[in-house]
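Engineer: Sharing a structure with you now.
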Amino acid sequence: TILRSSISNNVSILGGGIAVEGAFASLVLDDNSFVGLDGANPANGASGIGPALGLGGGIFCSGGQVTIIDARVRGNGASDDGGGIHLDNCDLTIEPRADFIAQVGSAIVQQNQAAGNGGGLYAGGGSNVFWRSQPVGSFAGRMVGNAAADRGGAVFLSGASNFVGDWIRTDDSRADGRGGAYAVQGGSNLILRGGENYRCTTTNC
């Protein structure tokens, strides 16, 4: 459990900032913690060496569980997949509190880059992502400014993985291959749910 802390300026092959591996391994990020760019502190990076791929610039999780409450994954990079977060048979729950979302810059996964797939988030191997609003029906945060050199600027889903998001915004994402925001393949499922009060009525929608 990481509270009121910054994990910045680190490099590894798997999980530049944090690696979570094993069925009983878990990570909780809370109380305005940062994984990556935090003020003057540089971000984290996952860099491949030889045949090993650089996966999960900020967080790499295999077989475990990750929970993000009041925290940001920002500005990280991977030389292959998962610029911000890389999941392999891992469950990720994002459930920010309303007072955290009310802060200026309420992006949870922001400005991460992958040289492969999934600039913000890569989910494979039957991973499950649940991004919930708290309280139910309230805005639950943003994914903004993420980029991938291949597919899924914000999110890449593969290997029968699931992403269920309630009341979130995904904007300013880029993929040089396919799926500027989301790329879904390999029997995976993407479900995004909003409500009437979330409708945009301005001229630039």
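Engineer: Taking only protein heavy atoms and a 1.4 Å probe, what accessible area per residue, in Å², does the chain have with all protein chains in place?
Structural biologist: 44 Å²
Engineer: Counting only other residues whose beta carbon sits under 10 Å from that of residue 63, what net charge do I get with K and R as +1, D and E as -1?
Structural biologist: Local net charge: -3.
Engineer: Tell me whether the stretch 42-140 comes out rounded, prolate or oblate; compute the Cα gyration tensor, take square roots of the eigenvalues as a ≥ b ≥ c, and use a/c under 1.5 as the rounded threshold.
Structural biologist: oblate
Engineer: Shape verdict for the chain, please, from the Cα gyration tensor: rounded (a/c under 1.5), prolate (a/b greater than b/c) or oblate.
Structural biologist: rounded
Engineer: Taking the dipole about the Cα centre of the chain, with the C-beta of Lys and Arg at +1 and of Asp and Glu at -1, give me whichever of 183, 45, 126 is farthest to the positive side.
Structural biologist: About the Cα centre, the residue reaching furthest to the positive side is 183.
Engineer: Still on this structure, I have one more. What are the ³J(HN,Hα) couplings of the stretch 32-48, residue after residue, when phi is run through the Karplus curve with 6.51, -1.76, 1.60 and θ = phi - 60°? Round to Hz, x for glycine and proline.
Structural biologist: 6, 8, 10, 10, x, 4, 9, x, 7, 7, x, 7, 9, x, 10, 10, x
Engineer: Distance from the Cα centre of the stretch 55-95 to that of the stretch 129-201, in angstrom?
Structural biologist: 14 Å
Engineer: Shifting gears a bit: Give me the percent of the accessible area of the chain that comes from carbon and sulfur atoms, probe 1.4 Å, all protein chains in place.
Structural biologist: For the chain, the apolar C and S fraction of the accessible surface comes to 48 percent.
Engineer: Does the stretch 13-73 come out rounded, prolate or oblate by the C-alpha gyration tensor, with a ≥ b ≥ c the root eigenvalues, rounded set by a/c under 1.5 and, if not, prolate when a/b is larger than b/c and oblate if not?
Structural biologist: Taking the square roots of the gyration eigenvalues as a ≥ b ≥ c, the stretch 13-73 is oblate.
Engineer: Which of the peptides 163-176, 7-20 is most tightly packed, and how do the rest follow, going by the mean number of other Cβ atoms within 10 Å of each residue?
Structural biologist: 7-20, 163-176
Engineer: Count neighbours as other Cβ atoms within 10 Å of each site's Cβ, and list the trypsin sites (Lys or Arg not before Pro) in the stretch 1-101 that are DSSP loop with at most 11 such neighbours.
Structural biologist: Listed in order of number, the matching sites are 4.
Engineer: Is it possible to state the helix-based mean residue ellipticity at 222 nm for the chain, with each DSSP H run of 4+ residues giving -39500 (n - 2.57), the sum divided by total residues, to the nearest 500 deg cm²/dmol? What is it?
Structural biologist: For the chain, the value works out to -500 deg cm²/dmol.
Engineer: Around residue 2, what is the net charge, scoring Lys/Arg as +1 and Asp/Glu as -1 over all other residues with Cβ under 14 Å from its Cβ?
Structural biologist: Net charge around residue 2: -2.
The values are calculated or read from the model by the stated rules, or taken from the named source; none is laboratory data. Computed from a prediction, not measured in an experiment: that's the story for all the values here. Neighbour counts run over all protein chains shown; Cβ positions are idealised from the backbone, glycine included. Note: accessible area is taken over every heavy atom of the protein model, side chains too, but ligands, DNA and RNA are not part of it. Shrake-Rupley method; radii C 1.70, N 1.55, O 1.52, S 1.80 Å.
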